1. Over the alpha-carbon set of the chain, work out the extent along each principal axis and list the three values in angstrom, largest first.
2. Using the beta-carbon distance between Leu410 and Gln360 and R0 = 35 Å, what value does 1/(1 + (r/R0)^6) give for FRET efficiency, to the nearest 0.05?
3. Which angle between 0 and 90 degrees, to the nearest 10, do you get for helix 242-265 versus the longest principal axis of the chain when only C-alpha atoms count?
4. Using only Cα atoms and rounding to the nearest 10 degrees, what angle (0 to 90) does helix 327-338 make with the longest principal axis of the chain?
5. By average Cβ neighbour count within 10 Å, what is the ranking of 380-386, 246-252, 72-78, 100-106 from highest down?
6. What are the aspartates and glutamates whose alpha-carbon lies under 13 Å from the alpha-carbon of Lys125, with same-chain residues fewer than 8 places away excluded?
7. What is the set of long-range amide H partners of Asp287 at a cut-off below 5 Å, with H atoms built 1.01 Å from backbone N?
8. Per residue of region 214-221, what does 6.51 cos²θ - 1.76 cosθ + 1.60 with θ = phi - 60° give for ³J(HN,Hα)? Whole Hz please, x for Gly and Pro, Karplus curve as stated.
Amino acid sequence: MRKTSCPGRLIFNAFLLCSLCNFGLAQKPNIIYIMSDDMGYGDLSCYGQKKFTTPNLDRLAAQGMKFTNAYAAAPLCTPTRVAFMTGRYPARTPVGLIKPLTTSKRDSGYGLTPAYPSVATLLKKAGYTTALVGKWHLGFVPEQGPNNNGFDYFYGIHSGAADYISHKGDSRKNDLFENEQLVESNGYMTDLIGEKAVAYIKQPHAAPFFLSVMFTTPHWPWQAPGAAPYEDTVNFRAGGSPEIYAAMIKRMDDEVGNILKALDSMKIAGKTLVIFTNDNGGERYSDNGGLSNAKSTLWEGGIRVPAFVRWPGKIKANTHSLEVAITMDWTATILAAAGAQADTEFPLDGVDLTNVLTGQSNQVERSLFWRSFQRTKHKAVRQGDWKYLLDEKGEYLFDLSVDEAEKNDLKTKAPEKFEALKKQLAGWETSVLPPIPL
């Protein structure tokens, strides 16, 4: 029998395309969320770094909107990652109270589970395929792993830190996984994360994708490409130098460049929303951009982070925002861009920043809250330009519009504002889980 064209197939394809349009899949963007680890506010040249350059991240920032009042939800890894995954304050989820999660027996029962819907789970319901490459740090057993929390694919580490060469994690055992299987891979950790991200972008996609790229850079151990692995007896926090630190960040910048090139080569850059930010302030070798203090504290140096967003056709290039943003806002913005719905039982604390990004309106002023209890006893609230801060040495009130470095305590000059913010903070604490002591 002579082969002929199949009109039925054409009708089916037309029906499928129409169905995709009806569900919004044809218009939904791919989404890439990139998070660095322990980077200082001033560690990128587009945020003032003078000792080395980060051309690829600078280019990404210049092609969209750069934020100068963006915050991490916490001053340490685990709680900030909980906030992004759930779109809620860390203290609404038990694992978010652990600062940070360790391999100790005490922490073994804590981890993210499907009881608290993740951004990946919600995006899957909206028709997305999902992947995470890099650092997880939200649980050490399969039930608490990425594949059980909405991610179709995972490649990376469960620990808070791992040797960049040997890939040994917090317990000094190999911690490199592909999905739920331990794997042996040769290569520098930053390179491996970048390579897997590029491979994911370049594979065929029948649906829009969400890719979370969680670099371990520049978290200790401080190892430049080509370094020897740490001996098991050497503390991960030992060693390093400003030059090694710069090489680590520059290598991450290279990998971000490779990710952007992959989007270009696949001709999907114009269809992809890209967000870059960091999980908390930097520490020993970081440039915190003149902000006070560092990681683990609720001073600005511990929680203010670089953040920028590129969304071709939606966000005007070379734009700058003074709007206050926090980790959970990126979750809410991603879900809105994808047409995904939050779980009604677990309402988001983050707000959708789409109107800010597109220049349609300014964000309504609100209050943001922080609490750190286990390793430091800090509390803070920011409302508008005002910030109340409590640490082990006392209480403070700062006007961040003129004092980003937090040098001028105004609590005696503005006592009403001081007391009002303290009251707000106390009220917020009644709405979240109580802290867990060490």
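The values are calculated or read from the model by the stated rules, or taken from the named source; none is laboratory data. Given the structure is predicted, the values throughout are model-derived calculations rather than measurements. In this analysis, Cβ positions are derived from the backbone assuming ideal geometry, glycine residues included, and neighbour counts consider all displayed protein chains. Surface areas here come from the heavy atoms of the whole protein model, side chains and all, with no ligands, DNA or RNA. Shrake-Rupley method; radii C 1.70, N 1.55, O 1.52, S 1.80 Å.
1. 92, 52, 44
2. Between Leu410 and Gln360 the formula returns 0.55.
3. 30
4. Relative to the chain, helix 327-338 is tipped by roughly 20 degrees.
5. Taking the mean over residues of other Cβ atoms within 10 Å, the ranking is 72-78, 246-252, 380-386, 100-106.
6. Once the sequence-local aspartates and glutamates are set aside, what remains near Lys125 is Asp152, Asp343.
7. Amide H neighbours of Asp287: Gly40, Gly42, Asp43.
8. For region 214-221, the Karplus curve yields 9, 5, 8, 6, x, 4, 4, x Hz.
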